[in-house]
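A.B. asks: My questions all concern the structure below.
The values are calculated or read from the model by the stated rules, or taken from the named source; none is laboratory data. All values derive from a computational prediction rather than experimental measurement. A quick note on method: Cβ atoms are made from the backbone with ideal geometry, for glycine too, and the neighbour counts reach across all protein chains shown. Surface accessibility is based on the protein's heavy atoms, side chains included, excluding ligands, DNA and RNA. Shrake-Rupley method; radii C 1.70, N 1.55, O 1.52, S 1.80 Å.
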Amino acid sequence: QLGALKELIDAGKVRYFGVSNETPYGICAMAALSDHFPELYPKCVSIQNSYSLVVRKDYEAGNAEACYHHNVALLPYSPLAGGT
């Protein structure tokens, strides 16, 4: 699927791609693929994970470090924790 995204980006139909609900391992694996094989795999530029003042541990436990290291942006969903 990453190869298909690369084709869309090269054709100019898509500028960037991001993923949703990704783990630190997934972020690092995608970054490694795009670093080692840039002609085959595009760079992931964002993740969309749950992040709020109530539910912080999922992102801060590992994703924050992986995103910082690989220059991947966070697009949080449910920032008000569903009203809880």
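A.B. asks: Go through segment 24-58 and give me each residue that's in a loop (DSSP other than H, G, I, E, B), closer than 21 Å to SER78 by Cβ and open to solvent by 70 Å² or more (accessible area, probe 1.4 Å).
C.D. replies: Listed by number, the residues that qualify are LEU53, VAL54, ARG56.
A.B. asks: Please go through (1) touching a Ser or Thr at 6+ places or on another chain (Cβ under 8 Å); (2) part of a helix (DSSP H, G or I) for ILE9 and return the number of the only condition it doesn't satisfy.
C.D. replies: (1)
A.B. asks: Among the residues of segment 1-23, how many are basic (Lys, Arg) and surrounded by 13 or more Cβ atoms within 10 Å (Cβ to Cβ)?
C.D. replies: 1
A.B. asks: On to the next question. Note down all Cβ pairs under 7 Å where the first residue falls in segment 6-31 and is in contact (Cβ under 8 Å) with a residue 60 or more places away in the chain and more than 15 Å from ASN71 (Cα to Cα), the second is among the hydrophobic types (A, V, I, L, M, F, W, C) and surrounded by 15 or more Cβ atoms within 10 Å (Cβ to Cβ), and they're at least six residues apart or on different chains.
C.D. replies: Pairs that qualify, where the first residue is in contact (Cβ under 8 Å) with a residue 60 or more places away in the chain and more than 15 Å from ASN71 (Cα to Cα) and the partner is among the hydrophobic types (A, V, I, L, M, F, W, C) and surrounded by 15 or more Cβ atoms within 10 Å (Cβ to Cβ): there are none.
A.B. asks: Let me ask you something else. Go through (1) on the phi < 0 side of the Ramachandran plot; (2) under 17 Å from the mean Cα position of the chain (by Cα) and name the single condition ASN21 misses.
C.D. replies: (1)
A.B. asks: Filter segment 59-84 down to residues that are open to solvent by less than 40 Å² (accessible area, probe 1.4 Å) and without any contact (Cβ under 8 Å) to a residue 40 or more places away in the chain and give me whichever is farthest from GLU7 (Cα to Cα).
C.D. replies: ALA81
A.B. asks: Still on this structure, please answer the following. Which of the residues belonging to segment 59-84 are outside any helix (DSSP H, G or I) and within 25 Å of PHE17 (Cβ to Cβ)?
C.D. replies: Matches in segment 59-84: ASN71, VAL72, ALA73, LEU74, LEU75, PRO76, TYR77, SER78, PRO79.
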